[in-house]
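S.K.: Please see the structure below; I have some questions.
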Amino acid sequence: MEEPIVNRVAKSPLVNLDMEELFPEIQVAELDISQWLTGGFILKEKEFRTALEAADHSNYKDKVVALYCSTDAILPGWAFMLVAATVNPLAKLVVLGDNATAMTTYAQRYMEGLDLSEYQDRPVIIKGCGDRDIPEQALITLSNRLQGVAKSVLFGEACSSVPVYKRK
């Protein structure tokens, strides 16, 4: 008589973290402040403020905003601060930089805010492959944080994982 097939992974204490379920889908909206500069290069405070206030910012609602200037204009720091302060009430996050910088910053902040207490002293495998692009910073931040909590951290699938960390 044949022995039944036993799913050892299902019976193990191994916890699977699916990054597609853990990390929310977000949209990044780029915001070029050169549109409010005279000729794209010169910042005249009164005109800048007026144009900024008159602009429709609804496109940034619930998005991560990548704030940048596409020209070589030399700008005071307060210009970026003013635009960020205007958009911030609508956005999830406002970041100075490009799309990749915004995604990286959001990923790090999101992962730093997760409660990882349920993974205390347990082996954890992070599933990173899937249909969505997950920022690598999310994987790094999660892995770093799990080192202080989990017994071990692996990456991949249970059948073919890569060991990342094991408590000594």
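S.K.: Express the relative contact order of region 28-91 as a whole percentage, based on alpha carbon pairs under 8 Å and six or more residues apart in sequence.
M.R.: RCO, region 28-91: 46 percent.
S.K.: Evaluate the charge dipole of region 28-91 about its Cα centre and quote only its size in Debye, nearest 20, assuming +1 on the Cβ of each Lys and Arg and -1 on the Cβ of each Asp and Glu.
M.R.: Approximately 120 debye in magnitude.
S.K.: Label D133 and Q147 with points 7 Å out from Cα along Cα→Cβ: what is the distance between them in nm?
M.R.: That separation, rounded to one decimal, is 2.7 nm.
S.K.: Let me ask something else about it. By counting other Cβ atoms within 10 Å of each Cβ, how are R132, R145, R167 ranked from fewest to most?
M.R.: Sorted ascending by nearby Cβ count, the order is R132, R167, R145.
S.K.: Turning to a different aspect of this structure: How far is it, in nm, from the label point at S160 to the one at L22 when both lie 7 Å from their Cα along the line to the Cβ?
M.R.: For S160 paired with L22, the spin-label model returns 2.1 nm.
S.K.: About its Cα centre, what dipole magnitude does region 98-168 give when the only charges are +1 on Lys and Arg Cβ and -1 on Asp and Glu Cβ, stated in debye to the nearest 20?
M.R.: So the magnitude is around 420 debye.
S.K.: Evaluate the charge dipole of the chain about its Cα centre and quote only its size in Debye, nearest 20, assuming +1 on the Cβ of each Lys and Arg and -1 on the Cβ of each Asp and Glu.
M.R.: It comes to approximately 660 debye.
S.K.: Tally Lys and Arg at +1 and Asp and Glu at -1 over the other residues with C-beta under 15 Å from the C-beta of E118: what net charge comes out?
M.R.: -1
Rule-based calculations on the coordinates, nothing more; no lab input. These figures come from a predicted structure and were not determined experimentally. Don't worry about glycine lacking a Cβ; one is built from the backbone with ideal geometry, like all the others, and counts go over all protein chains shown.
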